[in-house]
1. Quick one: would you say residue 48 is modelled with pLDDT of 90 or more, part of a helix (DSSP H, G or I) and over 22 Å from residue 113 (Cβ atoms)?
2. For the stretch 59-80, indicate whether the set of residues that are surrounded by 17 or more Cβ atoms within 10 Å (Cβ to Cβ), among the polar types (S, T, N, Q) and under 17 Å from residue 107 (Cβ atoms) is non-empty.
3. If you scan the stretch 56-84, which residues turn out to be touching a Cys at 6+ places or on another chain (Cβ under 6 Å) and either aliphatic (A, V, I, L, M) or free of Cβ contacts under 8 Å to residues at least 12 places away in the same chain (or both)?
4. Inside the stretch 78-95, can you point out the residues that are among the aliphatic types (A, V, I, L, M) and either over 14 Å from the mean Cα position of the chain (by Cα) or part of a helix (DSSP H, G or I) (or both)?
5. Just checking, does the stretch 16-25 include any residue being assigned to a helix (DSSP H, G or I), under 15 Å from the mean Cα position of the chain (by Cα), modelled with pLDDT under 90 and crowded, with 17+ Cβ neighbours inside 10 Å?
6. Among what's in the stretch 96-107 and is part of a helix (DSSP H, G or I) and either hydrophobic (A, V, I, L, M, F, W, C) or surrounded by fewer than 18 Cβ atoms within 10 Å (Cβ to Cβ) (or both), pick the residue that is farthest from the chain's Cα centre (by Cα).
Amino acid sequence: MKPTLLLIFGLYLLSAPALAEEANATIFLTVYDAARPEDKEHLRNFVEALQGGVAWANAAMKNQKQKPLYCGPEKLALTGEQVVDIMRKEVEARPSVGQFPWPAVMIRALQNVFPCRD
């Protein structure tokens, strides 16, 4: 069953960028856990790239004197594996969020781990 899940998710990711964003967090984590090491690396890189984009958006928002989405330490560069672990803890703590698109869950989890203090 694990190779089938990975194949389905892989095809899902490759079919269109918009579809990749629609996979829910529970499916993403299930596929991640079942993935071969080289596929996990690809998924971690994908997560790390998305989180990096959000970090750049945060920097732009701060530069424009707007409130960022989350407030991580200045010199912290999260790895894909760390972000996956943060998402996993979010889904474990609040199972209902597992049904939301995984990028949205990633952002919400980062907000919970690194809240902005006004």
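The values are calculated or read from the model by the stated rules, or taken from the named source; none is laboratory data. These numbers were taken from a predicted model, which means no experiment stands behind them. Virtual Cβ from ideal backbone geometry, glycine too; neighbours counted across all protein chains shown.
1. no
2. No, the stretch 59-80 contains no residue that is surrounded by 17 or more Cβ atoms within 10 Å (Cβ to Cβ), among the polar types (S, T, N, Q) and under 17 Å from residue 107 (Cβ atoms).
3. none
4. Within the stretch 78-95, 83, 84, 86, 87, 91, 93 qualify.
5. Yes: one or more hits.
6. 96
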